[in-house]
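To start, the structure under review is shown below, and the notes come after it.
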Amino acid sequence: QLVESGGGLVQAGGSLNLSCTASAPTLGIKTMGWYRQISGMQRDWVATISRAGSIVYGDTMKGRVTISRDNAKNTVYMQMNSLRPEDKAVYYCNLIYFGRSANHWGKGPQVPVSS
């Protein structure tokens with residue numbers, strides 16, 4: 001189970017920090033990351049971080065987000081800066097286990113961005 005927090009209304013130009021904590025099972029977590037889905041559009045990949053700390057950013061918000069991870073807390077964070085009205089979306093936490101291909105998803109906090 002993935003529990004996200006940190007969503008909420010933010011003004012354009014502002015910042016927001018999302019967090020996502022994985023509960024059991026927590027052994028064997030390979031990657032954690034974030035996707036977002038704008039209303040009426042497909043879900044887009046934002047960033048991923050491996051257990052070893054390797055980070056890859058997608059083009060969606062590259063340069064405006066920073067992903068980090070605390071393995072001891074089984075938690076992934078995403079700091080979002082310079083938010084724009086077009087960043088308004090539902091932001092989903094994602095988790096993949098070693099040896100498995102299935103994606104696990106959080107419920108996704110809403111992030112409305114006011115202009």
In a Gaussian network model of the chain with springs linking alpha carbons closer than 10 Å, the residue among S19, S54, S101 that fluctuates most is S101
Derived scalar couplings ³J(HN,Hα) [the stretch 22-34; Karplus, 6.51 cos²θ - 1.76 cosθ + 1.60; whole Hz; x for Gly, Pro] | 8, 9, 3, x, 10, 6, x, 6, 8, 10, 10, x, 9
How many percent of the alpha carbon pairs in the chain exceed a separation of 21 Å?
-> 30 percent
Cut-off 10 Å between beta-carbons: net charge of the residues surrounding F98, Lys and Arg +1, Asp and Glu -1 = +3
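So for the stretch 1-64, considering every pair of alpha-carbon atoms, how many percent are separated by more than 20 Å?
37 percent
Roughly how big is the stretch 36-98's charge dipole about its Cα centre, with Cβ charges of +1 (Lys, Arg) and -1 (Asp, Glu), in debye to the nearest 20? Walk me through the numbers before you get to the answer.
Values: 9 positive and 5 negative charges, 21 e Å.
Around 100 debye, computed over the stretch 36-98.
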Simple Cβ-charge dipole of the chain, Lys/Arg +1 and Asp/Glu -1, about Cα centre, in debye nearest 20 | 200 debye
Pop out the carbon and sulfur fraction of the accessible area of the chain as a percent, whole number, probe 1.4 Å.
-> 50 percent
Expected vector for the stretch 98-113, Karplus 3J(HN,Hα) from phi with 6.51, -1.76, 1.60 and θ = phi - 60°, integer Hz, x for Gly and Pro, equals 4, x, 10, 9, 5, 8, 10, 10, x, 6, x, x, 6, 10, x, 10
Given charges at Cβ of Lys, Arg, Asp, Glu: the stretch 8-115 dipole, positive-most of A52, V113, T66 = A52
Residue-level accessible surface for D44, protein heavy atoms, 1.4 Å, Å² | 40 Å²
Amide hydrogen neighbours beyond the local backbone of G108, cut-off 5 Å, H modeled | E4, C93
Considering the convex hull of the alpha carbon atoms of the stretch 46-111, report its projected area averaged over all viewing directions, in nm², one decimal.
-> 5.0 nm²
The set of residues whose placed amide H lies less than 5 Å from the amide H of G14, leaving out same-chain residues fewer than 5 positions away, is L83
Accessible area (Å², per residue) of the chain, counting only protein heavy atoms and a probe of 1.4 Å | 53 Å²
Non-local Lys pairs in the stretch 3-115, i.e. 8 or more apart or on different chains, that have alpha carbons under 21 Å apart = 5
For the chain, what relative contact order do you get, as a whole percent, if you take Cα pairs closer than 8 Å and at least 6 residues apart?
-> 36 percent
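The values are calculated or read from the model by the stated rules, or taken from the named source; none is laboratory data. Computed from a prediction, not measured in an experiment: that's the story for all the values here. Please note: Cβ atoms are built from the backbone with ideal geometry, for glycine as well, and neighbour counts cover all protein chains shown. Note: accessible area is taken over every heavy atom of the protein model, side chains too, but ligands, DNA and RNA are not part of it. Shrake-Rupley method; radii C 1.70, N 1.55, O 1.52, S 1.80 Å.
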